[in-house]
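Engineer: Okay, here's the structure, questions in a sec.
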Amino acid sequence: DVKVTQSSRYLVKRTGEKVFLECVQDMDHENMFWYRQDPGLGLRLIYFSYDVKMKEKGDIPEGYSVSREKKERFSLILESASTNQTSMYLCASRTKIFGKNIQYFGAGTRLSVL
Amino acid sequence: SQQGEEDPQALSIQEGENATMNCSYKTSINNLQWYRQNSGRGLVHLILIRSNEREKHSGRLRVTLDTSKKSSSLLITASRAADTASYFCATDRNTGANSKLTFGKGITLSVRP
């Protein structure tokens, strides 16, 4: 079974702090994604990476950056956390093999910025 | 930008009843997928239907796709309390090997024991 692991289930940070959210997948997937989920807004794509060191902005990249130094790990970085970044963050991965475009999700990280 | 829009936003039914959830989208797609999310957890893939398919079954799940109306429905038969969750449709336009999914806002299903 594919396993996508997010390093923390819950995080509490202060405004202005630099925050790292880590995601690791064990299936050698090329594509990895970071979403945020807010009530009434569904899932919104922040960034995705289609291979090591490759990244592309999603729909709401402002205030975030990402790092993909190794294939299995995709990090989301909040350079200076703000209260409006309080949210549920979901990581997902997917293989590039044609016809296998199902995404596998981690359990999520609920981030509170105070 | 959101493409999939689910309907209704919330659904409450009795155990044993069938649950029908709908999804509409705006542009042409390669495939449409349904995901489930238990409270406070990540999403889990349920079923994928391709644009050249009209109906697909998986256990108690039945998905239909009408590309002329740009809509899909997910039917859960003989519902159980454990089916209580949020359900999301996601569309894949297949713009290439790196295509992305666009998720709807989700439907909250409550199944009363």
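Engineer: FRET efficiency for B:Thr67 and B:Gln14, Cβ-Cβ distance as r, R0 = 30 Å, nearest 0.05?
Structural biologist: 0.35
Engineer: Inside 10 Å of the C-beta atoms of B:101-112, what's the mean count of C-beta atoms belonging to other chains?
Structural biologist: 3
Engineer: Mind sorting B:Asp66, A:Asp59 by how few other Cβ atoms lie within 10 Å of their own Cβ, fewest first?
Structural biologist: B:Asp66, A:Asp59
Engineer: While we're looking at this one, here's another question. Taking A:Lys71 as the anchor, which aspartates and glutamates have their alpha carbon closer than 14 Å to its alpha carbon, excluding any fewer than eight residues away along the same chain?
Structural biologist: Here the aspartates and glutamates satisfying the reach criterion relative to A:Lys71 are A:Glu22, A:Asp26, A:Asp28, A:Glu30, A:Asp51.
Engineer: For A:77-89, what's the mean count of beta carbons from other chains sitting within 10 Å of each residue's beta carbon?
Structural biologist: 0
Engineer: I've got another one for you. Could you grab the relative contact order for chain B? Cα pairs under 8 Å, six or more apart, rounded to a whole percent.
Structural biologist: Here the relative contact order equals 38 percent.
Engineer: Would you list, by chain and number, the aspartates and glutamates whose Cα falls below 18 Å from the Cα of B:Lys70, excluding same-chain residues fewer than 8 positions away?
Structural biologist: B:Glu5, B:Glu6, B:Asp7, B:Glu53, B:Glu55, B:Asp92
Engineer: Now, a different point. Tell me, what is the percent relative contact order of the range A:4-113, built from C-alpha pairs under 8 Å that lie six or more residues apart?
Structural biologist: Over the range A:4-113, the number comes to 36 percent.
Engineer: Please say if chain B is rounded, prolate or oblate, where rounded means a/c under 1.5 for a ≥ b ≥ c the square roots of the C-alpha gyration tensor eigenvalues, and otherwise the choice is prolate for a/b larger than b/c and oblate otherwise?
Structural biologist: prolate
Engineer: Could you pull out the pairs from A:Lys55/B:Lys69; A:Lys18/A:Lys55; A:Lys13/A:Lys96 whose alpha carbons sit more than 24 Å apart here?
Structural biologist: In this structure, A:Lys55/B:Lys69; A:Lys13/A:Lys96 lie more than 24 Å apart at Cα.
All of the numbers you see were taken from the coordinates with simple rules; none came from a lab. Predicted, not measured: the structure shown is a model, and the values here were computed from it. Glycine also receives a Cβ, built like all others from the backbone with ideal geometry; neighbour counts cover every protein chain displayed.
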